[in-house]
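*Asks:* Below you'll find the structure I mean.
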Amino acid sequence: LSDRLTETFRNLRTKGKLSAADVDQTVREIRRALLDADVALVVVKEFTAKVRERALGDEVNRALNPAQQVVQIVNEELVGILGGEQRRLQFAKNPPTVIMLAGLQGSGKTTFAGKLAKQLEKDGHTPILVACDLQRPNAVNQLQVVAERAGAAVFAPEPGNGVGDPVRVARDGVEYARRQQHDIVIIDTAGRLGVDAELMKQAADIRKATDPDEVLFVIDAMVGQDAVNTAKAFQEGVDFTGVVLSKLDGDARGGAALSVASVTQRPIIFASTGEGLEDLEPFYPDRMASRILDLGDILTLIEQAQQAFDEEEALAVAEKLANEQFTLEDFLGQLQQMKKMGSMKKMLGMLPGMGQMKQQLEQFDEREIDRTEAIIRSMTPAERRNPKVLNGSRRLRIARGSGMTVTDVNQLVQRFDQAAKMMKTVARGGVPNIPGMGPV
Ligand code: GDP
Ligand code: MG
């Protein structure tokens, strides 16, 4: 998706006024890019029609920079479809809050149940997982394992009772949770490989029996064109209040996000981004949109970067970002390049997903860079590569060596940790392909 849009916007960028032909050309490219990303055809059609109409309208004609305005429109429309604002979980006024999961087999429901429980626990809740997938022989056990890893309680039918009734288990589970004062109940349900009437009825019955505060439809972000039909089937069969996009790690291009959000008009609430229990993030519509669209700024960045720091170095940094092995040594190298390039704020502001970091860096001036450099220079190469080894006495030594205080050293390490974490997120979310920078 990103690749082609980059090209399109680059072409637009060089133009002053836009002709109808320019707009058509652009819309064609956007269409092709979205289809490439497996956004469903109906959604692509509706989207491009809207963009075309607005791009030919007055707002673009009157704009100082029409090309920029088109990019703006595409961004707005994307954010709009993806739900606009970030939506949070809704809790019941009278606990327990009941959260039911639905979705095809393998979509990631059970894994998500564990992730959500873990996160809720961190926020001080006392979730319990209810095992209502009685279809697959091992499903109850899988949920028990996940719950144990998450440190959450489980409600499951007694083993050896034959095939239990999932609706009854769900109802008993909520009852049990209420008695045991669990404030949140997460109901894991069965899925089939394809949409199937019996499964749908079972899910609908569980919903009726437990009256959940949230029904979350979990969908694998890699499914592509099928996303629309699956989502529609679940909306008609069970209906849901929100969507969880799973497996957004790997090379998922996010097409499913656009399709599902557009067709069901339901908000995407979470992005599940890995097999680990901590790999769960809130879904931010604007970030998803800018993951696609931050490209214009990247081009500017590259133009500037080419004067100050050579392409090979940029490539190396991009590679490190992707491989998540960004170290203080790299940080030092970058600081030096940034001094050459002028303001650090400006550079970070031009990297996608760096908005938050930019804010932190607003107070960060050039002298600060010098101080930072001094501290990093006082570290041994091993310490730069792995700041985790920095214990108290090492920090004291570094502070003395650099003429700074231990607090300064602590702050730097903390800031670096934050930066590294953020970069990891960017890299995991897939930094878009940038021409001239190679695959990232
Ligand atoms: P369920 O059948 O809907 O309960 O799906 P599971 O939770 O059992 O997940 C199916 C498979 O997908 C398992 O192998 C999980 O480890 C894997 N999985 C689930 N969520 C994610 C994710 O966000 N990223 C990746 N890479 N794998 C995931
Ligand atoms: Mg499961």
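*Asks:* Determine, yes or no, whether residue 102 is within 16 Å of ligand 1 (Cβ to nearest atom) and over 19 Å from residue 279 (Cα atoms). Before you say what the answer is, go through the steps one by one.
*Replies:* On the way: within 16 Å of ligand 1 (Cβ to nearest atom): yes; over 19 Å from residue 279 (Cα atoms): yes.
Against the criterion (within 16 Å of ligand 1 (Cβ to nearest atom) and over 19 Å from residue 279 (Cα atoms)), residue 102 qualifies.
*Asks:* Going by the structure shown, is residue 238 out of contact with any Gly (no Cβ under 9 Å at 6 or more places or on another chain), away from ligand 1 (no atom under 16 Å from the Cβ) and touching a residue at least 40 places away in the same chain (Cβ under 8 Å)? Spell out how you get there, then give the answer.
*Replies:* Numbers: out of contact with any Gly (no Cβ under 9 Å at 6 or more places or on another chain): yes; away from ligand 1 (no atom under 16 Å from the Cβ): no; touching a residue at least 40 places away in the same chain (Cβ under 8 Å): yes.
The answer is no for residue 238.
Residue-by-condition table, conditions (1) within 15 Å of ligand 2 (Cβ to nearest atom); (2) in contact with a Pro (Cβ under 7 Å, 6 or more places away or on another chain):
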{"residue": "172", "(1), (2)": "no, no"}
{"residue": "184", "(1), (2)": "no, yes"}
{"residue": "203", "(1), (2)": "yes, no"}
{"residue": "213", "(1), (2)": "no, no"}
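*Asks:* Could you go through the range 219-232 and let me know if any residue there is touching a residue at least 24 places away in the same chain (Cβ under 8 Å), touching a helix residue (DSSP H, G or I) at 6+ places or on another chain (Cβ under 8 Å) and within 16 Å of ligand 2 (Cβ to nearest atom).
*Replies:* Step one: list which residues in the range 219-232 are touching a residue at least 24 places away in the same chain (Cβ under 8 Å), which gives 219-225, 227-232.
Now narrow it down to the ones that are touching a helix residue (DSSP H, G or I) at 6+ places or on another chain (Cβ under 8 Å): 219-225, 227-228, 231-232.
Narrowing further to those that are within 16 Å of ligand 2 (Cβ to nearest atom): 219-220.
Yes, the range 219-232 contains at least one residue that is touching a residue at least 24 places away in the same chain (Cβ under 8 Å), touching a helix residue (DSSP H, G or I) at 6+ places or on another chain (Cβ under 8 Å) and within 16 Å of ligand 2 (Cβ to nearest atom).
*Asks:* Return the only residue of 211, 220, 188, 249 being under 24 Å from the mean Cα position of the chain (by Cα) and either surrounded by fewer than 20 Cβ atoms within 10 Å (Cβ to Cβ) or not assigned by TED's automatic domain parsing to the domain that holds residue 173 (or both).
*Replies:* Values: 211 fails: under 24 Å from the mean Cα position of the chain (by Cα); 220 fails: either surrounded by fewer than 20 Cβ atoms within 10 Å (Cβ to Cβ) or not assigned by TED's automatic domain parsing to the domain that holds residue 173 (or both); 188 fails: either surrounded by fewer than 20 Cβ atoms within 10 Å (Cβ to Cβ) or not assigned by TED's automatic domain parsing to the domain that holds residue 173 (or both).
From the options 211, 220, 188, 249, the qualifying one is 249.
Conditions (1) among the small types (Gly, Ala, Ser); (2) at pLDDT 85 or above; (3) surrounded by 15 or more Cβ atoms within 10 Å (Cβ to Cβ); (4) not in a loop (DSSP other than H, G, I, E, B), marked per residue:
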| residue | (1), (2), (3), (4) |
| --- | --- |
| 338 | no, no, yes, yes |
| 345 | no, no, yes, yes |
| 349 | yes, no, yes, yes |
| 356 | no, no, no, yes |
| 363 | no, no, no, no |
| 369 | no, no, yes, yes |
| 379 | no, yes, yes, no |
| 393 | yes, yes, no, yes |
| 396 | no, yes, no, yes |
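Each row is one residue, and each column tells you yes or no for (1) at pLDDT 75 or above; (2) within 16 Å of ligand 1 (Cβ to nearest atom); (3) surrounded by fewer than 22 Cβ atoms within 10 Å (Cβ to Cβ); (4) of a type in the set (Val, Ile, Thr).
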residue: 260; (1), (2), (3), (4): yes, yes, no, yes
residue: 272; (1), (2), (3), (4): yes, yes, no, no
residue: 276; (1), (2), (3), (4): yes, yes, yes, no
residue: 286; (1), (2), (3), (4): yes, no, yes, no
residue: 296; (1), (2), (3), (4): no, no, yes, no
residue: 306; (1), (2), (3), (4): no, no, yes, no
residue: 311; (1), (2), (3), (4): no, no, yes, no
residue: 318; (1), (2), (3), (4): no, no, yes, no
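*Asks:* Considering the range 121-146 alone, what residues qualify as being near ligand 1 (Cβ under 10 Å from one of its atoms), touching a strand residue (DSSP E or B) at 6+ places or on another chain (Cβ under 8 Å) and outside any helix (DSSP H, G or I)?
*Replies:* 133
*Asks:* Being modelled with pLDDT of 95 or more, more than 11 Å from ligand 2 (Cβ to nearest atom) and not basic (Lys, Arg) narrows it down to one residue among 66, 96; which is it?
*Replies:* Numbers: 66 fails: modelled with pLDDT of 95 or more.
Going through 66, 96 in turn, the sole match is 96.
*Asks:* Next up: Being in the same structural domain as residue 182 (by TED's automatic domain parsing) and within 16 Å of ligand 2 (Cβ to nearest atom) is the requirement here; does residue 104 meet it?
*Replies:* Values: in the same structural domain as residue 182 (by TED's automatic domain parsing): yes; within 16 Å of ligand 2 (Cβ to nearest atom): yes.
Here the answer is yes, as residue 104 does meet what is asked.
*Asks:* Here is a further query. Report, by residue number, each residue of the range 90-108 that is aliphatic (A, V, I, L, M) and out of contact with any strand residue (DSSP E or B) (no Cβ under 6 Å at 6 or more places or on another chain).
*Replies:* Going residue by residue through the range 90-108, those that are aliphatic (A, V, I, L, M) are 92, 98-102, 104.
Residues satisfying the conditions are 92, 104.
*Asks:* Taking the range 259-292 as the search range and keeping residues that are among the charged types (D, E, K, R) and in a loop (DSSP other than H, G, I, E, B), which one is farthest from residue 223 (Cα to Cα)? Before the answer, list the steps.
*Replies:* Going through the range 259-292, the residues among the charged types (D, E, K, R) turn out to be 266, 275, 278-279, 281, 286-287, 291.
Then keep just the ones that are in a loop (DSSP other than H, G, I, E, B); that gives 266, 275, 278-279.
Numbers: 266: 18, 275: 17, 278: 23, 279: 19 Å.
Here the residue is 278.
*Asks:* Among the residues that make up the range 226-237, is at least one of them surrounded by fewer than 23 Cβ atoms within 10 Å (Cβ to Cβ), modelled with pLDDT under 90 and in the same structural domain as residue 129 (by TED's automatic domain parsing)? Step through it out loud before you land on a result.
*Replies:* Of the residues in the range 226-237, the ones surrounded by fewer than 23 Cβ atoms within 10 Å (Cβ to Cβ) are 226, 228-230, 232-233, 235-237.
Filter once more, so that each one left must be modelled with pLDDT under 90: 226.
From what is left, the residues that are in the same structural domain as residue 129 (by TED's automatic domain parsing) are 226.
There is at least one residue in the range 226-237 that is surrounded by fewer than 23 Cβ atoms within 10 Å (Cβ to Cβ), modelled with pLDDT under 90 and in the same structural domain as residue 129 (by TED's automatic domain parsing).
*Asks:* Kindly check whether there is at least one residue in the range 117-140 that is more than 14 Å from ligand 2 (Cβ to nearest atom), in contact (Cβ under 8 Å) with a residue 24 or more places away in the chain and touching a Ser or Thr at 6+ places or on another chain (Cβ under 7 Å).
*Replies:* no
*Asks:* With respect to residue 209, is the statement that it is under 24 Å from residue 32 (Cα atoms) and part of a helix (DSSP H, G or I) true?
*Replies:* Values: under 24 Å from residue 32 (Cα atoms): no; part of a helix (DSSP H, G or I): yes.
When the stated conditions are applied, residue 209 does not pass them.
The values are calculated or read from the model by the stated rules, or taken from the named source; none is laboratory data. Just so you know, these numbers come straight off a predicted model, no measurement behind them. Cβ sites come from the backbone with ideal geometry, for glycine too, and all protein chains shown count toward neighbours.
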